[in-house]
Amino acid sequence: MSDDDEDAEPAVSLGTHTPVEGAPLARVSSRLTWPKEKSEVDRLEGETVIRTPDGPRELSDVLADIDETYFQRHQEFEVHVRDVIGTGPIPTADE
C-alpha cells in the first residue's frame, strides 16, 4: 500500500454508533463447543439475551420452541434458532 491509500477516506461511510440490545447469535454459538445437547446449551447460555428481528430475547425462551434435542454443529443450532426468531433487520435502541 502506498501512503496515499492510507490517507484516503473509507470507501463506505460507517455512520454513527447505534446501540443494539442483545448478543449476536453467531457470538453465542462461537462460545460453545460442538456437538452439544440442547439442555447443555440452555445451561451454559440460556440466560444470554440474543438479538432478534422482534427485539432482544433470552436464549432459554427461544430454545423452548425448538423440538431438536441435539445439535451436531453450530450451523445446525443457528438454523434452528433462526427458524424460531426469524431473519431480518435488528431494531436499534433508537427505534
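Considering only residues that are among the basic types (Lys, Arg) and out of contact with any Gly (no Cβ under 9 Å at 6 or more places or on another chain), which ones fall in segment 20-69?
First, pick out the residues of segment 20-69 that are among the basic types (Lys, Arg): 27, 31, 36, 38, 43, 51, 57.
Within segment 20-69, Arg27, Arg31, Lys36, Lys38, Arg43 qualify.
Tally up the residues in segment 55-95 that are among the acidic types (Asp, Glu) and touching a helix residue (DSSP H, G or I) at 6+ places or on another chain (Cβ under 7 Å), please.
Adding up the residues that qualify gives 3.
Name, by its number, the condition in (1) at pLDDT 95 or above; (2) touching a strand residue (DSSP E or B) at 6+ places or on another chain (Cβ under 9 Å); (3) aliphatic (A, V, I, L, M) that does not hold for Ala23.
(1)
Would you be able to say whether some residue in segment 61-81 is in contact with an Asp or Glu (Cβ under 6 Å, 6 or more places away or on another chain), surrounded by 15 or more Cβ atoms within 10 Å (Cβ to Cβ), among the β-branched types (Val, Ile, Thr) and closer than 17 Å to Pro24 by Cβ?
Our first condition is that a residue be in contact with an Asp or Glu (Cβ under 6 Å, 6 or more places away or on another chain); within segment 61-81, this holds for 63, 70, 80.
From what is left, the residues that are surrounded by 15 or more Cβ atoms within 10 Å (Cβ to Cβ) are 63, 80.
Imposing the further condition that a residue be among the β-branched types (Val, Ile, Thr) reduces the set to none.
Within segment 61-81, not a single residue is in contact with an Asp or Glu (Cβ under 6 Å, 6 or more places away or on another chain), surrounded by 15 or more Cβ atoms within 10 Å (Cβ to Cβ), among the β-branched types (Val, Ile, Thr) and closer than 17 Å to Pro24 by Cβ.
State all residues of segment 65-95 that are touching a residue at least 24 places away in the same chain (Cβ under 8 Å), outside any loop (DSSP other than H, G, I, E, B) and of a type in the set (Val, Ile, Thr); if no residue qualifies, say none.
Hits for segment 65-95 are Val81, Ile85.
Being more than 13 Å from the chain's Cα centre (by Cα) and either outside any loop (DSSP other than H, G, I, E, B) or among the aromatic types (Phe, Trp, Tyr) (or both) is the filter here, so list the residues in segment 38-64 that pass it.
Result: Lys38, Ser39, Glu40, Val41, Asp42, Arg43, Leu44, Ser60, Asp61, Leu63, Ala64.
The values are calculated or read from the model by the stated rules, or taken from the named source; none is laboratory data. Everything numeric here is computed off the predicted structure, so don't read it as measured data. Positions of Cβ are generated from backbone atoms using ideal geometry, with glycine treated the same way; all protein chains shown enter the neighbour counts.
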